[in-house]
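Computed from the coordinates by the stated procedures, all read-outs in this text should not be read as laboratory data. Being a predicted model, the structure only gives us computed values, none of them experimental. Neighbour counts are summed over all protein chains in view; Cβ atoms, including those assigned to glycine, are modelled from backbone coordinates with ideal geometry.
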Amino acid sequence: MTQHTEITCLHEQHSTDGSIKFLWQLADGKTVESIYFTFREQYYTCISSQVGCNVGCPFCETGKQRVLRNLTAQELYAQVALIDGCVRAAGGPAMLDHVALAGMGEPLLNVAAVVAAATQLRADGLTETVSLSTSGVVPRIYDLAQTTETSVNKLFLSLHATTDKVRNHLVPLNKKYPLASVLEAATHFFARSGEKVTATYLLFADLNDTQADLARLLRLLDPAIYIVQFSEWNQVADCAFQPSPRLEYFQDQLQQAGYEVFIQRSKGGDIDGGCGQLRSRTLPVIPAAARPTAISTMRARDEEH
Ligand code: SF4
């Protein structure tokens, strides 16, 4: 077991694909998870920014656990420092290519700690790239755009839908910050940083994978500003969605239209370390029947934020 002042590694799980999932215990006993993996010949670590998440995306395991608290900048930094030490000791890379704030939590609801940690990670040479994946907290995207030179320098936008109606269901924060405002903010981030924004899209059968969706995607996203990443979805319990069989078709169509587009194949799925599968091992999972609907969740959240 690795000891650290802010966090302690309770458990490491190794996937057959080389990914490693880490279970961390924080000083107050709460737990979060991170994962290390390789993707497109780069070394990634994906870390958590909150214990639980209140956004409540129905396809995500973390979204079933109400947020208990934000992680501190020190706890964010420590996840990376400990993973870096661990993979180096095992003969891994001298430097992590990419630190992704894409684990548990909505990082833009913990923006001060996230910016502080990202700034320190880059200043200390632990990585050159810190990305952040957001469900679309519009005002905080504008804030983040002010600090890209020294802090978070890549933005991933969890798009997942081409209409407000479907996105309200898949990403409930959309009720507060609708699609058009989210895309406007992301475009502003591109203008400030010069870095294309990656729009991530989980394709679900008969929900967001129609020809009309494809046509709208082409209309909504300017290929000079957006990269498109289709991600393989990792099934989570109590979720009736089905993965779409049209992943390659969508990729081909966008490629032909001149987009930089790729498919993120699932990593660490055999250790529940894939996208959307991280969760706190000490937080109770809210039973499906007790979970609020997307719309009532959104009303409650509107009052919180
Ligand atoms: S996908 Fe991200 S924002 Fe949505 S519930 Fe999961 S952790 Fe929260």
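Determine, for Y36, Y44, Y77, the number of other Cβ atoms within 10 Å of each Cβ, and report the residues in order from fewest to most. Don't jump to the answer; show the numbers that get you there.
Values: Y36 28, Y44 21, Y77 24.
Fewest-to-most ranking of Y36, Y44, Y77: Y44, Y77, Y36.
I'd like the distance separating the alpha-carbon centroids of the range 9-28 and the range 193-266, in whole Å.
29
For the range 48-59, in order, what is each residue's ³J(HN,Hα) by Karplus, 6.51 cos²θ - 1.76 cosθ + 1.60 with θ = phi - 60°, in whole Hz (x at glycine and Pro)?
Karplus values, whole Hz, x for Gly and Pro: 9, 10, 9, 8, x, 7, 8, 5, x, 4, x, 8.
For the chain, what's the relative contact order in percent, using C-alpha pairs closer than 8 Å and at least 6 residues apart? If you can, show how the numbers build up before the last one.
Working: 624 pairs, mean separation 58.3, N = 305.
In percent, rounded to a whole number, it is 19.
Pick out which of A240, A186, A90 has the largest mean-square fluctuation in a Gaussian network model of the chain, springs linking Cα atoms closer than 10 Å.
Highest fluctuation among the options: A90.
Please check which bits of the range 214-244 a label hung off E260 would reach, taking the label as a point 7 Å along Cα-to-C-beta and the cut-off as backbone N under 12 Å.
Zone members listed by number: 223-229.
By counting other Cβ atoms within 10 Å of each Cβ, how are I227, I263 ranked from fewest to most? Present the calculation step by step, with values, prior to reporting the outcome.
Numbers: I227 19, I263 14.
Sorted ascending by nearby Cβ count, the order is I263, I227.
Roughly speaking, what is the stretch gain from L68 to T163, that is 0.36 nm per residue apart minus the C-alpha to C-alpha distance, in nm to one decimal?
Stretched fully, the L68-T163 segment lengthens by 31.1 nm.
If you wrap the chain's Cα atoms in a convex hull and average its projection over all directions, what's the area in nm²?
Working: hull surface 58.0 nm².
Taking the Cα atoms of the chain, their convex hull projects to 14.5 nm² on average.
Give, rounded to the nearest 20 debye, the magnitude of the charge dipole that the chain has about its Cα centre when Lys and Arg contribute +1 at Cβ and Asp and Glu contribute -1 at Cβ.
Roughly 620 debye, rounded to the nearest 20.
For helix 179-193, report the angle its Cα long axis makes with the longest principal axis of the Cα atoms of the chain; keep it between 0 and 90° and round to the nearest 10°.
60
Can you give me the angle between helix 111-123 and the longest principal axis of the chain, using Cα atoms only, in degrees from 0 to 90, rounded to the nearest 10?
60
Please give the FRET efficiency for E149 paired with A89, using the beta carbon to beta carbon distance and R0 = 30 Å, rounded to the nearest 0.05. Write down the numbers at each step before the final one.
Values: r = 32 Å, r/R0 = 1.07.
E(calc), rounded to 0.05, equals 0.40.
For the range 71-165, what does the relative contact order come out to in percent, with C-alpha contacts under 8 Å and a separation of six or more?
Working: 118 pairs, mean separation 27.6, N = 95.
Taking the mean separation of contacting Cα pairs over the length of the range 71-165, I get 29 percent.
Using packing as a proxy for protection, rank 252-258, 126-132 so that the peptide with the highest average count of other Cβ atoms within 10 Å comes first. Walk me through the numbers before you get to the answer.
Numbers: 252-258: 13.7, 126-132: 20.6.
Packing order, densest peptide first, comes out as 126-132, 252-258.
Helix 247-256 versus the longest principal axis of the chain: what angle, 0 to 90°, nearest 10, using Cα atoms?
Long axis of 247-256 versus the principal axis of the chain: about 70 degrees.
Among N54, T187, T150, which residue has its Cα furthest toward the positive end of the charge dipole of the chain, with +1 on Lys/Arg Cβ and -1 on Asp/Glu Cβ?
N54
What FRET efficiency do you get for D270 and R216 if R0 is 25 Å and r is their Cβ-Cβ distance, rounded to the nearest 0.05?
On the way: r = 35 Å, r/R0 = 1.40.
Using R0 = 25 Å, I get an efficiency of 0.10.
Evaluate E = 1/(1 + (r/R0)^6) for R192 and D124, where r is the Cβ-Cβ distance and R0 equals 25 Å; express this FRET efficiency to the nearest 0.05. Before the final figure, lay out each step's value.
Details: r = 24 Å, r/R0 = 0.95.
Efficiency, rounded to the nearest 0.05: 0.55.
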